[in-house]
Amino acid sequence: MLFLLLPFLAALLLRGNNEEGIEEPISYHLIQISSFYNHSWTQNFGSGWLGELQTHGWDSTSGTIIFLQPWSRGNFSNKELIELERFFRAYFVRFLQAIHNYAHQLQFEYPFEMQVTIGCELHPGWVSVGFLRGAYQGSDFMSFQNNSWLPSPKGGSSAQLVCRALNQYQVYKEIAQTLLSDTCPRFILGLLDAGKADLQRQVRPEAWLSSGPSPGPGRLLLVCHVSGFYPKPVWVMWMRGEQEQPGTQRGDVLPNADGTWYLRVTLNVVAGEASGLACWVKHSSLGGQDIVLFWEHHTSVGLIILAVIVLLALLTVVAFWVWKCW
(Lines give C-alpha, C1' and ligand atoms only; values in the text may rest on other atoms or scores of the structure.)
Protein backbone atom coordinates (compact mmCIF):
# COMPACT_ATOMS: atom_id res chain seq x y z
CA MET A 1 0.00 0.00 0.00
CA LEU A 2 2.48 2.64 1.11
CA PHE A 3 5.09 1.46 -1.40
CA LEU A 4 3.06 3.30 -4.05
CA LEU A 5 4.63 6.49 -2.72
CA LEU A 6 8.20 5.40 -3.32
CA PRO A 7 8.54 6.08 -7.07
CA PHE A 8 7.58 9.70 -6.37
CA LEU A 9 10.94 10.57 -4.87
CA ALA A 10 12.76 8.73 -7.63
CA ALA A 11 11.71 11.53 -9.95
CA LEU A 12 13.55 13.98 -7.69
CA LEU A 13 16.96 12.46 -8.32
CA LEU A 14 19.61 15.14 -8.80
CA ARG A 15 22.80 14.57 -10.81
CA GLY A 16 24.80 17.57 -9.57
CA ASN A 17 27.16 17.86 -6.63
CA ASN A 18 27.33 20.57 -4.00
CA GLU A 19 30.80 21.04 -2.60
CA GLU A 20 29.78 23.39 0.18
CA GLY A 21 29.28 21.86 3.59
CA ILE A 22 26.38 22.48 5.94
CA GLU A 23 26.77 23.81 9.43
CA GLU A 24 23.46 22.75 10.96
CA PRO A 25 21.10 19.80 10.34
CA ILE A 26 18.45 20.49 7.73
CA SER A 27 15.62 18.28 6.55
CA TYR A 28 13.30 17.90 3.61
CA HIS A 29 10.07 15.97 3.92
CA LEU A 30 6.86 15.35 2.04
CA ILE A 31 3.52 15.14 3.79
CA GLN A 32 0.50 13.41 2.30
CA ILE A 33 -2.89 13.58 4.02
CA SER A 34 -5.68 11.53 2.51
CA SER A 35 -9.20 11.87 3.92
CA PHE A 36 -11.63 9.05 3.15
CA TYR A 37 -15.17 10.23 3.85
CA ASN A 38 -16.94 7.33 2.16
CA HIS A 39 -16.47 4.97 -0.81
CA SER A 40 -16.98 7.76 -3.33
CA TRP A 41 -15.69 10.91 -1.62
CA THR A 42 -12.01 11.41 -0.81
CA GLN A 43 -9.59 14.33 -0.60
CA ASN A 44 -5.81 14.46 -0.94
CA PHE A 45 -3.48 17.12 0.45
CA GLY A 46 0.23 17.17 -0.34
CA SER A 47 3.05 19.48 0.71
CA GLY A 48 6.85 19.61 0.67
CA TRP A 49 8.92 21.24 3.41
CA LEU A 50 12.55 22.31 3.59
CA GLY A 51 12.98 22.48 7.34
CA GLU A 52 10.00 24.53 8.54
CA LEU A 53 9.59 26.37 5.22
CA GLN A 54 6.93 25.03 2.88
CA THR A 55 8.35 24.85 -0.63
CA HIS A 56 5.72 22.83 -2.49
CA GLY A 57 2.02 22.15 -2.44
CA TRP A 58 -0.38 20.02 -4.45
CA ASP A 59 -3.52 21.21 -6.24
CA SER A 60 -5.74 18.13 -6.09
CA THR A 61 -8.33 19.71 -8.41
CA SER A 62 -5.99 20.31 -11.36
CA GLY A 63 -3.44 17.66 -10.38
CA THR A 64 -0.51 20.05 -10.48
CA ILE A 65 2.43 20.94 -8.26
CA ILE A 66 2.30 24.32 -6.54
CA PHE A 67 5.71 26.01 -6.36
CA LEU A 68 5.59 28.25 -3.32
CA GLN A 69 9.09 29.71 -3.63
CA PRO A 70 10.81 31.22 -6.68
CA TRP A 71 13.47 28.52 -6.38
CA SER A 72 11.15 25.56 -5.61
CA ARG A 73 11.71 24.16 -9.10
CA GLY A 74 15.32 23.50 -8.16
CA ASN A 75 17.34 22.17 -11.08
CA PHE A 76 14.44 20.40 -12.80
CA SER A 77 13.65 20.91 -16.47
CA ASN A 78 10.10 21.61 -17.59
CA LYS A 79 9.95 18.08 -19.02
CA GLU A 80 10.91 16.55 -15.68
CA LEU A 81 8.29 18.64 -13.86
CA ILE A 82 5.56 17.60 -16.30
CA GLU A 83 6.50 13.95 -15.83
CA LEU A 84 6.48 14.44 -12.07
CA GLU A 85 2.98 15.90 -12.12
CA ARG A 86 1.78 13.00 -14.27
CA PHE A 87 3.21 10.58 -11.75
CA PHE A 88 1.52 12.38 -8.88
CA ARG A 89 -1.86 12.17 -10.56
CA ALA A 90 -1.43 8.45 -11.25
CA TYR A 91 -0.10 7.80 -7.77
CA PHE A 92 -3.03 9.38 -5.98
CA VAL A 93 -5.52 7.43 -8.11
CA ARG A 94 -3.77 4.13 -7.36
CA PHE A 95 -3.35 4.94 -3.67
CA LEU A 96 -7.03 5.77 -3.19
CA GLN A 97 -8.11 2.65 -5.06
CA ALA A 98 -5.83 0.43 -2.96
CA ILE A 99 -7.13 1.87 0.31
CA HIS A 100 -10.77 1.53 -0.75
CA ASN A 101 -10.22 -2.07 -1.90
CA TYR A 102 -8.57 -3.15 1.36
CA ALA A 103 -10.38 -0.89 3.83
CA HIS A 104 -12.67 -3.66 5.06
CA GLN A 105 -9.84 -6.21 5.36
CA LEU A 106 -7.72 -3.68 7.27
CA GLN A 107 -10.66 -2.76 9.52
CA PHE A 108 -10.66 0.89 8.43
CA GLU A 109 -14.06 2.39 9.16
CA TYR A 110 -15.31 5.41 7.20
CA PRO A 111 -14.68 8.25 7.65
CA PHE A 112 -10.95 7.93 8.31
CA GLU A 113 -7.70 9.70 7.51
CA MET A 114 -4.26 8.46 6.52
CA GLN A 115 -0.97 10.34 6.61
CA VAL A 116 2.37 9.55 4.97
CA THR A 117 5.62 11.39 5.79
CA ILE A 118 8.81 10.67 3.87
CA GLY A 119 12.11 12.54 3.87
CA CYS A 120 15.54 12.83 5.40
CA GLU A 121 17.66 15.00 7.65
CA LEU A 122 21.12 15.99 6.47
CA HIS A 123 23.74 16.54 9.19
CA PRO A 124 27.23 18.11 9.05
CA GLY A 125 29.73 15.69 7.61
CA TRP A 126 27.18 14.55 4.99
CA VAL A 127 25.48 12.16 7.41
CA SER A 128 21.92 11.57 6.27
CA VAL A 129 19.12 10.03 8.33
CA GLY A 130 16.03 9.01 6.36
CA PHE A 131 12.51 8.46 7.60
CA LEU A 132 9.33 7.04 6.13
CA ARG A 133 6.25 6.78 8.33
CA GLY A 134 2.60 6.04 7.82
CA ALA A 135 -0.23 6.94 10.18
CA TYR A 136 -3.91 6.06 10.50
CA GLN A 137 -6.26 8.50 12.22
CA GLY A 138 -3.26 10.45 13.50
CA SER A 139 -1.66 7.45 15.22
CA ASP A 140 1.53 5.69 14.11
CA PHE A 141 0.73 2.80 11.82
CA MET A 142 4.01 1.65 10.26
CA SER A 143 7.51 2.81 9.32
CA PHE A 144 10.52 1.86 7.23
CA GLN A 145 13.66 1.21 9.29
CA ASN A 146 16.86 -0.76 8.69
CA ASN A 147 15.71 -1.87 5.26
CA SER A 148 12.47 -3.31 6.58
CA TRP A 149 8.83 -2.32 7.06
CA LEU A 150 7.92 -2.36 10.74
CA PRO A 151 4.40 -2.21 12.21
CA SER A 152 3.70 0.23 15.00
CA PRO A 153 2.26 -1.25 18.23
CA LYS A 154 -0.63 1.18 17.79
CA GLY A 155 -1.30 -0.21 14.32
CA GLY A 156 -2.39 -3.59 15.66
CA SER A 157 -3.04 -6.55 13.37
CA SER A 158 -3.78 -4.29 10.38
CA ALA A 159 -0.28 -2.81 10.43
CA GLN A 160 1.24 -6.26 10.84
CA LEU A 161 -0.69 -7.49 7.80
CA VAL A 162 0.49 -4.60 5.60
CA CYS A 163 4.13 -4.93 6.70
CA ARG A 164 4.19 -8.68 6.06
CA ALA A 165 2.92 -8.07 2.56
CA LEU A 166 5.38 -5.26 1.77
CA ASN A 167 8.41 -7.09 3.19
CA GLN A 168 7.91 -9.82 0.59
CA TYR A 169 8.97 -7.38 -2.14
CA GLN A 170 12.75 -6.89 -1.88
CA VAL A 171 12.76 -4.49 -4.81
CA TYR A 172 10.54 -2.02 -2.97
CA LYS A 173 12.74 -2.16 0.10
CA GLU A 174 15.80 -1.44 -2.02
CA ILE A 175 14.04 1.51 -3.67
CA ALA A 176 13.02 2.90 -0.29
CA GLN A 177 16.55 2.61 1.08
CA THR A 178 18.06 4.30 -1.97
CA LEU A 179 15.56 7.14 -1.89
CA LEU A 180 16.08 7.85 1.80
CA SER A 181 19.87 7.53 1.89
CA ASP A 182 20.83 8.94 -1.52
CA THR A 183 18.07 10.73 -3.44
CA CYS A 184 16.66 12.79 -0.59
CA PRO A 185 19.93 14.34 0.65
CA ARG A 186 20.90 15.24 -2.93
CA PHE A 187 17.50 16.85 -3.40
CA ILE A 188 18.10 18.95 -0.28
CA LEU A 189 21.41 20.15 -1.71
CA GLY A 190 19.70 21.07 -4.96
CA LEU A 191 17.12 23.22 -3.18
CA LEU A 192 19.79 24.84 -1.03
CA ASP A 193 21.77 25.72 -4.14
CA ALA A 194 18.76 27.10 -6.06
CA GLY A 195 17.45 29.07 -3.10
CA LYS A 196 20.79 30.14 -1.65
CA ALA A 197 20.15 33.90 -1.86
CA ASP A 198 16.76 33.64 -0.18
CA LEU A 199 17.63 30.98 2.40
CA GLN A 200 20.80 32.74 3.55
CA ARG A 201 19.25 36.20 3.91
CA GLN A 202 19.49 37.91 7.29
CA VAL A 203 16.87 40.34 8.59
CA ARG A 204 17.52 42.21 11.84
CA PRO A 205 14.82 42.02 14.52
CA GLU A 206 13.07 44.93 16.14
CA ALA A 207 12.42 44.69 19.88
CA TRP A 208 10.29 46.64 22.34
CA LEU A 209 8.91 46.27 25.86
CA SER A 210 5.42 46.56 27.28
CA SER A 211 3.50 45.49 30.35
CA GLY A 212 0.85 42.82 30.16
CA PRO A 213 -2.30 42.29 32.24
CA SER A 214 -1.55 42.37 35.97
CA PRO A 215 -0.90 38.82 37.18
CA GLY A 216 -1.94 39.78 40.73
CA PRO A 217 -1.67 42.42 43.47
CA GLY A 218 1.78 43.97 43.63
CA ARG A 219 3.06 42.10 40.58
CA LEU A 220 3.99 43.05 37.02
CA LEU A 221 3.98 41.08 33.78
CA LEU A 222 6.96 42.26 31.75
CA VAL A 223 6.61 41.62 28.01
CA CYS A 224 9.44 41.63 25.48
CA HIS A 225 8.38 41.70 21.82
CA VAL A 226 10.82 40.65 19.09
CA SER A 227 9.62 40.92 15.50
CA GLY A 228 10.72 40.99 11.87
CA PHE A 229 13.69 38.62 12.17
CA TYR A 230 14.89 35.98 9.71
CA PRO A 231 15.99 33.20 9.87
CA LYS A 232 13.78 31.70 12.56
CA PRO A 233 16.31 30.66 15.27
CA VAL A 234 16.48 33.36 17.95
CA TRP A 235 17.47 33.56 21.63
CA VAL A 236 15.48 35.88 23.88
CA MET A 237 15.75 35.94 27.68
CA TRP A 238 14.91 38.19 30.62
CA MET A 239 18.15 38.85 32.47
CA ARG A 240 19.39 40.55 35.62
CA GLY A 241 22.99 41.37 34.85
CA GLU A 242 24.38 38.11 33.47
CA GLN A 243 21.87 35.96 35.36
CA GLU A 244 19.05 34.38 33.34
CA GLN A 245 15.66 34.69 35.03
CA PRO A 246 14.19 31.18 35.44
CA GLY A 247 10.62 32.48 35.34
CA THR A 248 10.97 33.62 31.72
CA GLN A 249 8.08 32.32 29.61
CA ARG A 250 8.71 31.97 25.89
CA GLY A 251 5.76 31.94 23.48
CA ASP A 252 5.61 30.30 20.08
CA VAL A 253 7.65 31.77 17.24
CA LEU A 254 4.92 32.98 14.87
CA PRO A 255 5.14 33.96 11.20
CA ASN A 256 4.66 37.51 9.94
CA ALA A 257 3.00 38.18 6.59
CA ASP A 258 6.34 39.10 4.99
CA GLY A 259 7.97 35.76 5.84
CA THR A 260 9.79 37.02 8.95
CA TRP A 261 9.08 35.87 12.50
CA TYR A 262 7.67 37.22 15.76
CA LEU A 263 8.23 36.14 19.38
CA ARG A 264 6.77 37.26 22.71
CA VAL A 265 8.68 36.55 25.95
CA THR A 266 7.25 37.39 29.38
CA LEU A 267 8.32 37.51 33.02
CA ASN A 268 6.05 37.66 36.09
CA VAL A 269 7.80 39.66 38.84
CA VAL A 270 7.13 41.54 42.05
CA ALA A 271 6.60 45.20 41.12
CA GLY A 272 9.45 46.40 43.32
CA GLU A 273 11.92 43.97 41.76
CA ALA A 274 11.49 45.00 38.11
CA SER A 275 14.31 47.55 38.24
CA GLY A 276 17.55 46.18 36.80
CA LEU A 277 15.86 43.60 34.57
CA ALA A 278 16.56 43.59 30.85
CA CYS A 279 15.37 41.70 27.79
CA TRP A 280 18.33 40.25 25.91
CA VAL A 281 18.03 39.31 22.21
CA LYS A 282 20.57 37.26 20.24
CA HIS A 283 20.14 36.63 16.50
CA SER A 284 22.46 35.72 13.64
CA SER A 285 21.63 38.97 11.80
CA LEU A 286 23.00 41.08 14.65
CA GLY A 287 26.62 40.07 14.08
CA GLY A 288 27.24 39.61 17.80
CA GLN A 289 25.79 43.05 18.67
CA ASP A 290 22.98 41.82 20.89
CA ILE A 291 19.89 43.91 21.59
CA VAL A 292 19.52 44.75 25.29
CA LEU A 293 16.41 46.60 26.51
CA PHE A 294 16.27 47.69 30.18
CA TRP A 295 12.91 47.78 31.91
CA GLU A 296 13.59 51.06 33.76
CA HIS A 297 14.21 52.77 30.41
CA HIS A 298 10.85 51.53 29.25
CA THR A 299 9.15 52.84 32.37
CA SER A 300 10.99 56.16 32.04
CA VAL A 301 9.69 56.57 28.51
CA GLY A 302 6.24 55.64 29.71
CA LEU A 303 6.38 58.29 32.42
CA ILE A 304 7.55 60.89 29.90
CA ILE A 305 4.65 60.06 27.60
CA LEU A 306 2.24 60.23 30.54
CA ALA A 307 3.68 63.60 31.59
CA VAL A 308 3.29 64.95 28.06
CA ILE A 309 -0.33 63.79 27.94
CA VAL A 310 -1.07 65.42 31.30
CA LEU A 311 0.67 68.64 30.21
CA LEU A 312 -1.34 68.76 26.98
CA ALA A 313 -4.54 68.23 28.93
CA LEU A 314 -3.66 71.10 31.30
CA LEU A 315 -2.80 73.41 28.39
CA THR A 316 -6.12 72.56 26.77
CA VAL A 317 -7.98 73.46 29.96
CA VAL A 318 -6.04 76.74 30.33
CA ALA A 319 -6.64 77.67 26.68
CA PHE A 320 -10.35 76.98 27.06
CA TRP A 321 -10.51 79.09 30.26
CA VAL A 322 -8.68 82.00 28.56
CA TRP A 323 -11.03 81.79 25.58
CA LYS A 324 -14.07 81.86 27.89
CA CYS A 325 -12.73 84.89 29.78
CA TRP A 326 -11.95 86.76 26.58
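The values are calculated or read from the model by the stated rules, or taken from the named source; none is laboratory data. As the structure is a computational prediction, the values presented were derived from the model and not from experiment. Ideal geometry is used to build each Cβ from the backbone, glycine not excepted, and the neighbour counts take in all protein chains shown. Just so you know, the surface numbers come from the protein's heavy atoms only, side chains and all, with ligands and any DNA or RNA stripped out. Shrake-Rupley method; radii C 1.70, N 1.55, O 1.52, S 1.80 Å.
Remarks
- Distance (nanometres) between label positions extended 7 Å along Cα→Cβ at residue 100 and residue 200: 4.9 nm
- Among the GluC sites (Glu not before Pro) found in segment 77-142, those both in a DSSP coil and sparsely packed, with 12 or fewer other Cβ atoms within 10 Å of their Cβ, are 109.
- Two-site FRET efficiency, residue 289 against residue 250, from Cβ-Cβ distance with R₀ of 30 Å, rounded to 0.05: 0.85
- Here r is the Cβ-Cβ distance between residue 282 and residue 54 and R0 is 22 Å; the resulting FRET efficiency, rounded to 0.05, is 0.25.
- Each part gets one Cα centre, and for segment 204-223 versus segment 129-172 those centres are 48 Å apart.
- Gained length - residue 82 relative to residue 67, 0.36 nm times residue gap less alpha-carbon distance: 4.1 nm
- Calculated accessible area for segment 91-191 comes out at 50 Å² per residue, all protein chains present (probe 1.4 Å; ligands, DNA, RNA ignored).
- The distance between label points at residue 165 and residue 31 comes to 2.7 nm (points 7 Å beyond Cα on the Cα→Cβ vector).
- Of the whole protein surface, residue 64 contributes about 40 Å² of accessible area at a 1.4 Å probe radius.
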